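Report on the structure given below.
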Amino acid sequence: MKIAHGVHSLGQQKGGYVHAFLVDDGHSLTLIDTLYDTDGHRVLDYIKALGRSITDLRNIVLTHGHRSHLGGLAALKRASGATVFAHEWEADIIQGERKAQPISILPRRPFKAYIPLQIGLALGLGQHPPCVVDRCVRDGDQVGPLQVVFAPGHSPGHLAFYWEDRKTLFAGDAIATWPELAPGWPAFNLNPRQHRQSLIRMAKFDSNVVAVGHGDPITSRGTATVRALISRIVS
């Protein structure tokens, strides 16, 4: 689904209504996260439907190292030869050298995410096919048309991305719209203070669209929506 000029949203129910985003700057394609399925077929089919070649996919950038966002990474890397980017703290998780940091197993909202997502992360279950990270990025780096925004809190190396020309913020799991609009999922946010500070920073971007990791994207009044969520984080 096209959500802004050159910005496409791809989602699936599995993985907590997880979403990935395909960015077309007119020259090449950049993919943000890779959905839950391990074969990457949803992304491959979407690129084909756009009339593009898989080799047009030059960059794959990852918000963080949780299973729902890494499923198709290895398959898409093999098919496209794209360069894979992530924060250095998440790289060894993505490469399969370390499990993602566990969270509490005690049920917390949203309860729809408790089974299997919260239990899975709490117990270290459901590993993704590992993939080499080609380049570690930091705050302020540029990947394709995207500015890298260091946004820890959900995880220590969590990243967001901003496309200024399209007024589009890719917030990763710092914000969720499924099963309801919220400042992420509380059980999954490892550091609430950092998370709140990351939202404060993201609220300074002039955003009309806010693309989120779980649930449909916010397609209007993005900055106002981010600001309204900040007060709901208890640090």
Worksheet entry | Matching residues in the stretch 102-135 - criterion: being within 16 Å of the chain's Cα centre (by Cα) and closer than 30 Å to ASP56 by Cα | HIS128, VAL133
Practice prompt. State whether the residues of the stretch 158-171 include one that is in a strand (DSSP E or B), closer than 20 Å to GLN95 by Cβ, aliphatic (A, V, I, L, M) and in contact (Cβ under 8 Å) with a residue 40 or more places away in the chain.
Written response: yes
Worksheet item: Which of the residues that make up the stretch 188-221 are under 14 Å from GLU164 (Cα atoms) and part of a strand (DSSP E or B)?
Response: VAL209, VAL210, ALA211
Discussion item. It is to be established whether one or more residues within the stretch 93-112 are acidic (Asp, Glu), out of contact with any Cys (no Cβ under 6 Å at 6 or more places or on another chain), under 16 Å from GLY157 (Cβ atoms) and crowded, with 16+ Cβ neighbours inside 10 Å.
Written reply: no
Practice prompt. Report yes if GLY144 is in contact with an Asp or Glu (Cβ under 7 Å, 6 or more places away or on another chain) and among the small types (Gly, Ala, Ser), otherwise no.
Written response: yes
Fill in: Search result, residues across the stretch 160-181 that are in contact with a helix residue (DSSP H, G or I) (Cβ under 9 Å, 6 or more places away or on another chain) and closer than 11 Å to GLY213 by Cβ
ALA160, ALA171, GLY172, ASP173, ALA174, ILE175, ALA176, THR177, TRP178
Worksheet entry | Any hit, the stretch 128-151, residues being touching a helix residue (DSSP H, G or I) at 6+ places or on another chain (Cβ under 8 Å), without any contact (Cβ under 8 Å) to a residue 40 or more places away in the chain and not hydroxyl-bearing (Ser, Thr, Tyr) | yes
Worksheet item: Within the stretch 43-85, restricting attention to residues that are free of Cβ contacts under 8 Å to residues at least 12 places away in the same chain and part of a loop (DSSP other than H, G, I, E, B), which residue is nearest to SER9 (Cα to Cα)?
Response: GLY51
Worksheet item: Within the set of pairs 6 or more residues apart or between chains, which connect a residue that is of a type in the set (A, V, I, L, M) and modelled with pLDDT of 95 or more inside the stretch 1-17 to a residue that is part of a helix (DSSP H, G or I) and surrounded by fewer than 21 Cβ atoms within 10 Å (Cβ to Cβ) with Cβ atoms less than 6 Å apart?
Response: ALA4/ARG166; VAL7/ARG166; LEU10/ARG42; LEU10/TYR46
Worksheet entry | Test for THR83: is it within 19 Å of LEU35 (Cα to Cα), surrounded by fewer than 19 Cβ atoms within 10 Å (Cβ to Cβ), modelled with pLDDT of 95 or more and in contact with a strand residue (DSSP E or B) (Cβ under 8 Å, 6 or more places away or on another chain) | yes
Response to the item:
Scanning the stretch 189-204 residue by residue, those out of contact with any helix residue (DSSP H, G or I) (no Cβ under 7 Å at 6 or more places or on another chain) and either buried (at least 20 other Cβ atoms within 10 Å of the Cβ) or more than 25 Å from GLN13 (Cα to Cα) (or both) turn out to be ASN191, PRO192, ARG193, GLN194, HIS195, GLN197, SER198, ARG201, LYS204
Response to the item:
The correct count of residues that are surrounded by fewer than 22 Cβ atoms within 10 Å (Cβ to Cβ), among the polar types (S, T, N, Q) and out of contact with any strand residue (DSSP E or B) (no Cβ under 6 Å at 6 or more places or on another chain) in the stretch 144-171 is 0
Fill in: Complete set of residues in the stretch 86-126 that are more than 13 Å from HIS66 (Cα to Cα), among the β-branched types (Val, Ile, Thr) and not in a helix (DSSP H, G or I)
ILE105
Discussion item. Tell me whether the stretch 29-38 contains one or more residues that are surrounded by fewer than 19 Cβ atoms within 10 Å (Cβ to Cβ), assigned to a helix (DSSP H, G or I) and in contact (Cβ under 8 Å) with a residue 24 or more places away in the chain.
Written reply: no
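The values are calculated or read from the model by the stated rules, or taken from the named source; none is laboratory data. The structure presented is a predicted model; accordingly, all values stated were derived computationally and were not measured. A quick note on method: Cβ atoms are made from the backbone with ideal geometry, for glycine too, and the neighbour counts reach across all protein chains shown.
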